[in-house]
Amino acid sequence: MLKLNNFFGGKFMDFKQFEYVLTIAKERSFSKAAKKLYISQPSLSQYINRLESNLKVNLFDRTTNPLKLTYEGEIYVETASTILKLLENMTQRYEDINELATGKLNIGLTPSKANHLLPKILPVFKKKYPGIKLTLTEAPSDELEDLLTKDMVDICLMNLPIKKHNIISEKILSEKIFVAAPKSFKPGNEKIQKSETGEVAYSEINLNELRNEEFILLHPEQRVRQISDILFATTGFKPSVLIETSSIETSLRLTEAGMGVSFVPESSAHLASSKNIKFYSIGNPPLSWTTVLAYRENTHITKAAKAFMEVTKNLMGKM
């Protein structure tokens with residue numbers, strides 16, 4: 001049975017080896033890793049050779065280019081990553097003791113949240129907690145789920161549905177998703193209403209009234225697209241897709257230019273000129289989505305993350 005002190009190269013704890021092995025695994029090259037680590041390649045190679053000798057395994061397959069991990073190497077990297085994450089959690093807990101005087105928070109969010117919700121949240125948060133260093137990671141919701149499960153972000157501002165079972169979400173906002181159409185579009189019946197915020201005038205229409213229209217849709221990994229695809233599937237409606245884009249703003253601008261219809265959440269509707277675009281509510285119940293704060297299950301939620309959640313919930317409750 002491998003003894004603990006042998007695993008750590010004959011020392012009680014040598015975290016340098018974790019950094020070395022993980023860097024080589026990431027760069028897939030001893031020379032590139034040595035540059036990153038600011039040591040010579042021969043020194044790095046000798047260090048890894050001694051480590052492999054102590055462990056009585058080969059961590060890297062040196063016959064391939066680029067370098068690959070062996071099965072034993074994969075086990076080592078997985079274990080080392082877990083240990084370093086535990087240490088990071090311990091450090092974060094110590095930082096919490098300082099009553100949020102210092103700390104860091106990595107927030108994941110979708111582009112639409114970065115454009116519309118974040119400018120309302122961050123000024124309030126930074127005024128209250130100026131010592132917290134923030135890192136923002138913008139990505140589609142599917143990618144944010146992966147980042148959460150890999151502990152690469154602390155908390156996410158995103159939309160339901162969430163597909164991974166090990167993510168917890170807390171609802172902060174629900175809003176309609178409108179169909180945006182060029183001003184030339186004329187449905188059979190228009191009954192103009194005001195949105196709940198009072199900012200957007202819209203009418204209710206049936207999806208069948210759009211059968212002759214071309215659609216400007218978001219990419220399939222984005223939540224607005226996924227929600228609209230569910231609507232298409234459940235109603236047996238096959239849209240004619242003119243363009244796919246990753247930007248809600250781009251889809252609106254193209255609709256404004258008369259190129260086709262698009263789907264847009266209520267909070268983004270103000271991006272377009274009301275003179276050149278019409279908004280419609282669709283579906284029964286109306287098409288909508290829910291914005292949530294999400295975090296990984298069974299992980300330490302730092303005080304910085306809890307503070308961000310509290311500020312966000314308070315602000316969204318007033319919207």
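For the range 21-57, state which chymotrypsin sites (Phe, Trp or Tyr not before Pro) are in a DSSP loop and have at most 12 other beta carbons lying within 10 Å of their beta carbon. Spell out each step's value before the answer.
On the way: sites: 30, 38, 47; in loops: 38.
Sites meeting the loop and neighbour criteria: 38.
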If I compute Cα extents along the principal axes in Å from the structure I just sent, which labelled value in (i) 60, 43, 40; (ii) 54, 43, 39; (iii) 79, 48, 34 lines up? (iii)
Can you pull the percent of the range 94-151's accessible area that's carbon plus sulfur, 1.4 Å probe, other chains left in place? 54 percent
Could you run the Karplus curve 6.51 cos²θ - 1.76 cosθ + 1.60 with θ = phi - 60° over the range 65-81 and give me ³J(HN,Hα) per residue in whole Hz, x for Gly and Pro? 9, x, 4, 10, 6, 7, 4, 5, x, 4, 4, 4, 4, 4, 5, 4, 5
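Which entries of 26/313; 32/85; 127/163; 68/104; 275/313 have Cα-Cα distances beyond 31 Å here? Please list the in-between numbers first.
Values: 26/313 38 Å; 32/85 24 Å; 127/163 34 Å; 68/104 33 Å; 275/313 34 Å.
Beyond 31 Å: 26/313; 127/163; 68/104; 275/313.
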Accessible area per residue of the chain at 1.4 Å probe, in Å²? 54 Å²
If I take R0 = 45 Å and measure r between the Cβ atoms of residue 57 and residue 233 in this structure, what FRET efficiency does the formula 1/(1 + (r/R0)^6) give, to the nearest 0.05? 0.35
For residue 261, enumerate residues with amide H under 5 Å from its amide H, sequence gap 5+ or separate chain, H modeled in the peptide plane. 214, 215, 216
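What number comes out for the charge environment of residue 73, summing +1 per Lys or Arg and -1 per Asp or Glu over other residues with Cβ under 10 Å away?
Values: positive: 68; negative: 52, 61, 72, 74, 78.
So the environment of residue 73 carries a net charge of -4.
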Under a Cβ-Cβ cut-off of 9 Å, what is the net charge of the residues other than residue 219 that fall near it, where Lys and Arg count +1 and Asp and Glu count -1? -1
Sorted by accessible area with a 1.4 angstrom probe, largest first, how do 162, 121 fall? 162, 121
Span from the the range 203-237 Cα centroid across to the the range 128-184 one, whole angstrom: 22 Å
To the nearest 0.05, the calculated FRET efficiency linking residue 43 and residue 150 through their beta-carbon distance, R0 being 35 Å, is 0.70
Just how much of residue 27 is accessible, in Å², when a 1.4 Å probe is used and the result is rounded to the nearest 10? 50 Å²
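The values are calculated or read from the model by the stated rules, or taken from the named source; none is laboratory data. Note that this is a predicted model, so its numbers are computed, not measured. In this analysis, Cβ positions are derived from the backbone assuming ideal geometry, glycine residues included, and neighbour counts consider all displayed protein chains. These accessible areas exclude ligands, DNA and RNA; they are computed on the full protein's heavy atoms, side chains included. Shrake-Rupley method; radii C 1.70, N 1.55, O 1.52, S 1.80 Å.
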